[in-house]
Amino acid sequence: MAVKISQIQVFVCSPGRNFVTVKVTTEDGTTGIGDATLNGREMAVVSCLEQHIAPCLIGKDAQNIEDIWQYLYKGVYWRKGPVNMAAIAGIDMALWDIKGKVAGLPVHQLLGGKSRTGVTLYAHGSGQCIDSTLSKAEHLINQGFRAVRLQTAIPGLTATYGVLGDKKDYFELQGNRPLPPEEPWCTQKYFSVVVELFRQARKRLGEEVHLLHDVHSRLTPIEAARLGKLLEPYHLYFLEDAAIAENQNSYQLIRHHTTVPLAIGETYNTLWECKDLIQHQWIDFIRTAATHAGGLTGLRKITEFANVFDVRIAPHGAPDLSPVCFATHLHINIWAPNFGIQEFVGLDNPQLNEVFTHDIRVENGMALPSDLPGLGISFNEDAAKKYPYKRSYLPVSRLEDGTMWHW
Ligand code: KDG
Ligand code: MG
């Protein structure tokens, strides 16, 4: 018997930073939620959902998740794109949430059950200098994390990607910037510190802990190849976004020169954008997020394709993905045969926990998905009203002579 969709609501709130949350309700009163947040373009997704998608879905059977995904993807002339795929993601997650509630099963059980006992996380170790970065990493390791991403400020530059400066967390750093701030970039200055960071890290932290680093697409392919070679002695778990994501072939070049494991994918919205990278095995980890790639259905397609080519998933876990996305990732991660590692920025922000309530457990650097039916996370509409949307942007990057660069 059909379970018809009767209402689709879209909420935008800013408990620390902006989130777009979709709520789907069926005729029998079952509700599901999804994350449709697209940092810096939130209202474009809201409009896409409210003006274009919601009217087409009222009356459709909420049980037919794949057909609805295909209807929203294949059924439009203008496929793909971050706005469209984030909108599809919000709907898709909400439908999986509903399916789980109706079945009385957590989403990972609908996927095929658990492939591991917990989801390994990597935490962020960042600091104003190598010493403070490594102290932060030690603190995280003492808390039980077995994998840490290291980012340190670049001497001579006023800001560095991934470094908090005087801010207490990423919510404070990126939560309220009514116009895009500008940050300088200099590749030579970066090279002067990044290799030394990992040399000292291995000396101080030992050989066992997994170390990761995000270049954030600042290097040209040949510079990325050079960095990979220089970092080989420190055996990183992965080097992320060594060069921009647009040119998949660049990774063939980087791969040719270095054995450092390569990760990319947080800006990809579909399998088609990373298909060549995966099938040619130019990368080791694909980092696409459910929220930006058409939801659980979209990420599952990427995961299964990647599995064929020995590429593991390492979903994006930045603070601009809501806890609904994190919950979705945990269900995929605990199931996927080719899960690698999950990025984790913490779940202890009080405003965030007021709006999104969940029972996700994090112990010894591992996370466990909820066993509640569906995604196992709730959205508190009243609490969300206390934190209205604020226009906000990520920074932009310029070389020291003013040339626009990749942020
Ligand atoms: O929206 C952009 C951020 O999510 C991104 O800069 C964070 O690169 C990032 C990461 O790996 O967490
Ligand atoms: Mg990144």
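The values are calculated or read from the model by the stated rules, or taken from the named source; none is laboratory data. Here the structure is a predicted model, which is why all the values come from computation and not from measurement. Using ideal geometry, Cβ is built from the backbone for each residue, glycine included, and neighbour counts are taken over all protein chains shown. What goes into the accessible areas is simple: the full protein's heavy atoms, side chains included, and nothing from ligands, DNA or RNA. Shrake-Rupley method; radii C 1.70, N 1.55, O 1.52, S 1.80 Å.
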Practice task
Would you tally the net charge around Ile341, using a Cβ to Cβ cut-off of less than 12 Å, leaving Ile341 out, and scoring K and R as +1, D and E as -1?
Solution key: +2
Handout entry: Proportion of all alpha-carbon pairs of the chain beyond 32 Å (%)
Key = 32 percent
Handout entry: Whole-number percent relative contact order across the chain, with pairs defined as alpha carbons under 8 Å at least 6 apart
Key = 23 percent
Exercise for the section: Order the peptides 299-310, 162-173 from the highest to the lowest mean number of other Cβ atoms within 10 Å of their residues. Expected result: 299-310, 162-173
Exercise for the section: Grab the alpha carbons of the range 1-150, take their convex hull, and tell me the volume per residue in Å³. Expected result: 160 Å³
Exercise for the section: Return the subset of Lys60/Lys101; Lys203/Lys229; Lys80/Lys386; Lys167/Lys385; Lys80/Lys385; Lys80/Lys301 for which the Cα-Cα distance in this structure is over 22 Å, preserving the input order. Expected result: Lys80/Lys386; Lys167/Lys385; Lys80/Lys385
Problem - Percent accessible area from carbon and sulfur atoms, the chain, protein chains only, probe 1.4 Å - result: 51 percent
Exercise for the section: Among DSSP beta bridges lying fully in the chain, give the percent that are antiparallel, nearest 5. Expected result: 50 percent
Problem - Summed residue charge, Cβ within 13 Å of Ile360's Cβ, Lys/Arg positive, Asp/Glu negative - result: -3
Handout entry: the range 378-386 - phi-based ³J(HN,Hα) in whole Hz, Karplus 6.51/-1.76/1.60, Gly and Pro as x
Key = 10, 10, 8, 5, 5, 5, 4, 4, 6
Practice task
Under 10 Å from the Cβ of Ala86, count the other residues' Cβ atoms, weight Lys and Arg +1, Asp and Glu -1, and hand me the total.
Solution key: -1
Practice task
Would you please put 363-375, 55-67 in order of how densely packed they are, using the mean number of other Cβ atoms within 10 angstrom per residue and starting with the highest?
Solution key: 363-375, 55-67
Handout entry: Sequence of Cys13, Cys129 when ordered by accessible area, the most exposed leading, probe 1.4 angstrom
Key = Cys129, Cys13
Problem - Cα gyration tensor shape for the range 1-85, rounded if a/c is under 1.5, else prolate or oblate - result: oblate
